[in-house]
Number of protein chains: 2
Amino acid sequence: MTYNVRLLLEYDGTNFHGWQRQAGLPTIQGTLEEALARITKQPATLFGAGRTDAGVHAAGQVANFRSSLKLTESSWVKAINSLVPPDIVIRSAEYVPPEFHARYSAKSKVYQYTILTSEQRAPFLRNYVWHVRQPLNIPAMQEASGYLIGTHDFSSFRASECVAKSPVRTLDRLEITYTQLTATAGQESAMPQIRRDFLIPLNRMPCNATMILFTLKARSYLQHMVRNIIGTLNDVGRGRFKPSDVREILEKKDRRYAGPIAPPQGLVLLSVIYDDVF
Amino acid sequence: MTYNVRLLLEYDGTNFHGWQRQAGLPTIQGTLEEALARITKQPATLFGAGRTDAGVHAAGQVANFRSSLKLTESSWVKAINSLVPPDIVIRSAEYVPPEFHARYSAKSKVYQYTILTSEQRAPFLRNYVWHVRQPLNIPAMQEASGYLIGTHDFSSFRASECVAKSPVRTLDRLEITYTQLTATAGQESAMPQIRRDFLIPLNRMPCNATMILFTLKARSYLQHMVRNIIGTLNDVGRGRFKPSDVREILEKKDRRYAGPIAPPQGLVLLSVIYDDVF
């Protein structure tokens, strides 16, 4: 009998060379497969919903593997967590039907990207945001994002090494929200919606900063599509592109017209949505 | 002419061997003194208000140095920031009277310590909290903390290598606050007072977790005093000690009676208070 096990997991991608197994390099998939092999005494293959790049994080990654060993769901969680480093954690495990595949069964994946604009950098956020020194024109970025929502040929936002058969993808959602962070004194800085005692040390913020959050939802993405979109929207925010330029960039279907790729650390795979309630 | 310059700075202590200069090891003081020497072309000595241990953070450390070079205050900030790694940032620099000394002029120092209690660990918080698996009895810890407030001989909470002349210190404040973090679904977890979109990826929380925050204020501390107090209060929270045991531990004036030292990563030097408005 072979069982199909689905894992919900979270990781800080800072110290890994991405999701995908690579000989001799620490990766999320490789680390987890090693743990599974030690538990099941058999080679294991883990299928992940999103193959995150080096430095990209996941708050709600989903993966599945097949095993002839049957543990209780909570034993899977404890056994794997005891064998992987503290920057990875399995939140839950459950038995799913044999046809379930973390990647192919996914109905959509939600990514978030964070830009922090502030004159000074933020040491506690250095691995979790793209720090941009100059203020960005957020309404212009919001206007530009409207051209990207829907079904398009995203060739202009696709990595040259992307192996997908079709460059057409449907972006269901691309929202840009932000919060202005203001300082009350030299040593005091506060995020208005957040209780100040929880800001420290995690959210300690430079004075007069703006945190810009991009939320994207699609069934699937081309390689580097999210980061190429963010890099281009950042160029809109800087005034290098007009919002309507983004429509033209899309129409060119040529990577050379879009902006540079955004750095990985601002990106997090937030959740993966399946037909079953999960 | 020699100028006295005061710096307000912030650092993530994860990758440093503490504040104090040590030959051949990365430290905050050593890193900053090297930057100052490159700017001023002279050896520099930096006096810090608090000599934080390896892995301890600072959101509002204060330090001063003397220099015959006179730059504008904002030039000091930019010059130093351009020469130090992104886990350190200088927030401000200002000229102060010659008698100012970051450590000896300090009227008080505020430290915060964070314990996260949750069955599962939290990858994004691993360098910023002490993760404790079992729930702690917070009212008992609060009761115990009452015995420590005020002027006492803190020998029981003093590192054996502490060189202070007197073991007597005055703890002006020791407050314990907490927030229960509840989960709404497998993939959703929220801190009630915090906008959820800013939780990610930084504050992504395990389900059913409690964040316990300790705030301490004193003019000065013995070596490891804060971490020994937290380790002892944690033992009260676990039920190893009764609250009133803490009074007896204090009276024993012997380190062997208190609890184990708490790990460094939960600790942050929050602010240093001087007579002048800063």
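The values are calculated or read from the model by the stated rules, or taken from the named source; none is laboratory data. Nothing here was measured: the structure is a model prediction, and the numbers come from that model. As a convention, Cβ positions derive from the backbone with ideal geometry for all residues, glycine included, and neighbour counts pool all protein chains shown. Calculation scope for accessible area: heavy atoms of the full protein, side chains included, ligands and nucleic acids excluded. Shrake-Rupley method; radii C 1.70, N 1.55, O 1.52, S 1.80 Å.
Descriptive notes on the structure:
- Taken as a whole, the stretch B:222-239 holds at least one residue that is surrounded by fewer than 20 Cβ atoms within 10 Å (Cβ to Cβ), farther than 29 Å from B:TYR104 by Cα and in contact (Cβ under 8 Å) with a residue 40 or more places away in the chain.
- For the stretch B:123-157, residues that are open to solvent by 30 Å² or more (accessible area, probe 1.4 Å), of a type in the set (Phe, Trp, Tyr) and over 18 Å from the mean Cα position of the chain (by Cα) total 1.
- Residue match in the stretch A:141-148 (condition: within 14 Å of chain B (Cβ to nearest Cβ) and of a type outside the set (A, V, I, L, M, F, W, C)): no
- The lone criterion from (1) within 14 Å of chain B (Cβ to nearest Cβ); (2) at pLDDT 95 or above left unmet by A:THR40 is number (1).
- Residue count for the stretch B:13-32, restricted to those that are free of Cβ contacts under 8 Å to residues at least 24 places away in the same chain, over 20 Å from A:PHE124 (Cβ atoms) and not in a strand (DSSP E or B): 4
- Cβ pairs under 9 Å, 6+ apart, first in the stretch B:47-60 and without any contact (Cβ under 8 Å) to a residue 40 or more places away in the chain, second assigned to a loop (DSSP other than H, G, I, E, B): B:ARG51/B:GLY18; B:ARG51/B:TRP19; B:ARG51/B:GLN20; B:ARG51/B:ARG103; B:ARG51/B:GLN223
- B:GLU10 open to solvent by 20 Å² or more (accessible area, probe 1.4 Å) and part of a strand (DSSP E or B): no
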